[in-house]
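The values are calculated or read from the model by the stated rules, or taken from the named source; none is laboratory data. Since the structure is predicted, the reported quantities are computational estimates derived from the model, not experimental observations. Quick reminder, even Gly has a Cβ in these numbers, built from the backbone with ideal geometry, and neighbours come from all protein chains shown. For the accessible areas, the whole protein counts, side chains as well, though only heavy atoms, and no ligand, DNA or RNA atoms are used. Shrake-Rupley method; radii C 1.70, N 1.55, O 1.52, S 1.80 Å.
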Amino acid sequence: LPGLNRTVQVNRAAKDKFIKAFNYIKNGTATINGKEVSLLSLIKTMDGTFVSRHVNWNPANGLSNHSWGTAIDINASTHFGYVSPGDSDDPNLILWEKAFKPAGFSWGNSYSDSMHFELLD
């Protein structure tokens, strides 16, 4: 992943969109509390891409998009829940708006999983 200088396992068909999102992150900035910061500095942890599992690790649920290598979790320890759209300084909201959304990802915030970004196409 550009900027993180890390290789991760993703679906071959999703590779270009992951690279696109992380190029936005590598090269982008945001203003937080009046200070310009790099988007890369907003990523404290990259918590997984390909993991074969069910949604919420519950076998009663269908397979997670992580099972197909089309999802990534970012800043999991601080983003297991919902982020208010009014919290404009939230790192994952900023990453969503400036990198993942333009690269074609959806965001798990609507179902209280704000660490989760995934490709649906």
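Here are the numbers for this structure:
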| item | result |
| --- | --- |
| Exposed trypsin sites (Lys or Arg not before Pro) absent: longest stretch of the chain, with sites in DSSP loops and at most 15 other Cβ within 10 Å deemed exposed | 54-121 |
| Accessible area of the chain belonging to carbon and sulfur atoms, whole % at 1.4 Å probe | 50 |
| Cα-based helix-to-principal-axis angle, 15-27 vs the chain, degrees rounded to 10 | 20 |
| Mean residue ellipticity (222 nm) of the chain, computed from DSSP H runs ≥ 4 via -39,500 (n - 2.57), nearest 500 | -4000 deg cm²/dmol |
| Two-site label geometry, Ser112 and Asn27: point separation in nm, points 7 Å out along Cα→Cβ | 3.9 |
| Accessible area in square angstrom per residue, the chain, 1.4 angstrom probe | 56 |
| Lys44 versus Ala13: modelled label distance in nm, points set 7 Å from Cα along the beta carbon direction | 3.5 |
| Built amide H within the under 5 Å cut-off of His54, gap 5+ | Ser64 |
| Partners for Lys15 among aspartates and glutamates (Cα-Cα distance below 18 Å; same-chain residues under 8 apart left out) | Asp47, Asp73, Glu118, Asp121 |
| Mean Cα-pair separation over length for the chain, i.e. relative contact order, pairs under 8 Å, 6 or more apart, % | 24 |
| Calculated from backbone phi, Karplus (6.51, -1.76, 1.60) coupling profile of the range 90-96 in Hz, x at Gly/Pro | 5, x, 6, 5, 5, 4, 4 |
| Under 27 Å from Lys17, Cα to Cα: lysines that are on another chain or at least 8 residues apart | Lys26, Lys44, Lys98, Lys101 |
